[in-house]
Amino acid sequence: MRAMTKSPLRLAKQALAAGKRTLPKYSSPYSRHDFTQPQLFAILILKYFLKTDFRGIEVLLTEWPELRRVLGLKKVPDYSTLWYAHQRLLKDTRFERLLTTVFEQARQAQLLGEKPTVAIDATGLESRHVSAHYVHRKGYRRFKRKKWPKLTVVAHTATHLIAGVVVGQGPSPDSPQFPDAIRQAATHLHPDRVLGDKGYDGEHNHRLCREELGIRSTIIPINKRNRGRKWPKTKYRRQMRRRFFKRKYGQRWQVESVFSRHKRRLGSALTTRSETTRRNEILFRVLTHNLMILRRTS
C-alpha cells in the first residue's frame, strides 16, 4: 500500500504535470487566456483535497502566495470561472485520457509491477450531508432512504490506484457494472489477476476477463443462488468450485481499504445535486485519490 500525500503543494505539482501532459493549454483560441486548463484542473483537484467549495478555494489561493507560485498564477480565478471549468474539463474522453496519464506516470515510477492484481467492488456515497445520529434516533421509517450515488471501482491491490470507474445509482446489482469497469481498467493496467466477491459471480464475467481481455486468472467465489446444485455446469465456475485460491482471494479486501481511505480523506458525502454534476464530482474525486497516491517526492 502506497501512502497518500498530505501536502497541497506536492499534490498541486503532480496535478499540474498531469494536466499539462493531457489537456490543451486553452479551451478556445478566442478565450481571454488568463488561466490555462492545466492550472484550472490543478485548482479543482486541490478543491477536493482541501474539502472546500469554489468560493473557499478562491479565498485560499488569494491568501496562499506559495501555492500561487507553484501553480504559476499571476492572479486568482473567480469562483464562477472554476465552476464553469468543473463542468467542462472532463467532457468527452478527457477523464479517460487523464487516467491514462496517471498510469503512465505510475508505470514510469515502477509502481505497478510485472503482474498486477486488481480487485473490483462497489460502494455508496451520500447524496447530501446527513447527521448519522439524527437518522439513528428517528429511524428509517421517519427518515426515508432514497437512491444514492454508486461508485464501482477496479483498484490495484498493491498501490490502491483506481484503474476503472463506473458511476451509477444504488441500490442495484453489482454485476452489470463489471464489463465496463474491467475493460477500462484493462486499458490502463493490463492486470494479471482479477478478484471479486459473490456479487460478480457469472460465467460471462470469467469469460470476458480470460478470453477477451487476456487476463490469466479470475477469482470470484460461487454464488449458490439457492439451487442446491453442488457442481456448476459451466467451465470457469466449475474451476472455482474445484480449486479456489483462498490465500490469493484474501487480497480482495484491499479494495475495501481503498474505499475507506477515499472516504476518510475526501469525505463520504457529495455536494452537488444533478446527475451530471454528481458524475463530474465523483470523477474528480477519483483523480484526486490517484494523484494523492502518485505524489511527487520533491
Beta bridge orientation in the chain: antiparallel %, DSSP, nearest 5: 65 percent
Add +1 for every Lys or Arg and -1 for every Asp or Glu among the other residues with Cβ under 12 Å from the Cβ of Glu256, and state the total. +1
To one decimal place, what orientation-averaged projected area in nm² is obtained for the convex hull of the Cα set of the stretch 24-82? 3.9 nm²
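Placing unit charges on C-beta atoms (Lys and Arg positive, Asp and Glu negative, everything else neutral), compute the dipole magnitude of the chain about its Cα centre in debye, rounded to 20. Intermediate values should be presented prior to the final figure.
Details: 63 positive and 23 negative charges, 300 e Å.
Approximately 1440 debye in magnitude.
What 222 nm value per residue comes from the helices of the chain, counting each DSSP H run with n ≥ 4 as -39,500 (n - 2.57) and dividing by all residues, nearest 500 deg cm²/dmol?
Details: 13 runs with 141 residues, N = 298.
My calculation for the chain gives -14500 deg cm²/dmol from helical runs alone.
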Not counting ligands, DNA or RNA, and with a 1.4 Å probe, what is Arg237's accessible surface area in Å² rounded to the nearest 10? 30 Å²
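At a threshold of 8 angstrom on Cα-Cα distance, excluding pairs fewer than six apart, so keeping six or more, what relative contact order does the stretch 1-140 reach in percent? Please list the in-between numbers first.
On the way: 91 pairs, mean separation 32.0, N = 140.
About 23 percent, as a whole number.
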If you filter the stretch 1-89 for trypsin sites (Lys or Arg not before Pro), then keep DSSP loop positions with at most 13 other Cβ within 10 Å, what is left? Lys6, Lys25, Arg32, Lys51, Lys74, Lys75
Computed accessible area, Glu275, all protein chains, 1.4 angstrom probe, square angstrom: 150 Å²
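Please compute the Kirkwood hydrodynamic radius over the chain, one decimal place, Å, based on all pairs of different Cα atoms. Show your work: numbers first, answer last.
Values: mean 1/r = 0.0484 Å⁻¹.
About 20.7 Å, per the Kirkwood formula over Cα pairs.
Pairs to check: Lys25/Lys75; Lys147/Lys224; Lys91/Lys115; Lys20/Lys263; Lys51/Lys198. Give those whose C-alpha atoms are more than 25 Å from each other in this structure. Please list the in-between numbers first.
Working: Lys25/Lys75 17 Å; Lys147/Lys224 28 Å; Lys91/Lys115 32 Å; Lys20/Lys263 28 Å; Lys51/Lys198 34 Å.
Check vs 25 Å cut-off fails for Lys147/Lys224; Lys91/Lys115; Lys20/Lys263; Lys51/Lys198.
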Radius of gyration, Dmax [the stretch 141-298; alpha carbons; angstrom]: 17.3, 58
Within the chain, what whole-number % of the accessible surface is contributed by carbon and sulfur, with the 1.4 Å probe and all protein chains included in the calculation? 48 percent
Distribution of pairwise C-alpha distances over the stretch 38-137, 10 Å bins, in %: 11, 30, 30, 22, 7, 0
Can you tell me the accessible area per residue over the chain, all protein chains present, probe 1.4 angstrom, in square angstrom? 54 Å²
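Relative contact order for the chain: what percent, with Cα pairs under 8 Å and sequence separation of 6 or more? Let's see the in-between values first.
Values: 425 pairs, mean separation 70.5, N = 298.
Across the chain, relative contact order equals 24 percent.
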Quote the accessible area belonging to Tyr48 in square angstrom, nearest 10, computed with a 1.4 Å probe and with ligands, DNA and RNA left uncounted. 20 Å²
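The values are calculated or read from the model by the stated rules, or taken from the named source; none is laboratory data. It should be emphasised that the depicted structure is a prediction, and the values quoted were computed from it without experimental measurement. Here the Cβ is made from the backbone with ideal geometry for all residues, glycine too, and neighbour counts use every protein chain on show. The accessibility values were calculated without ligands, DNA or RNA, using every heavy atom of the protein model including side chains. Shrake-Rupley method; radii C 1.70, N 1.55, O 1.52, S 1.80 Å.
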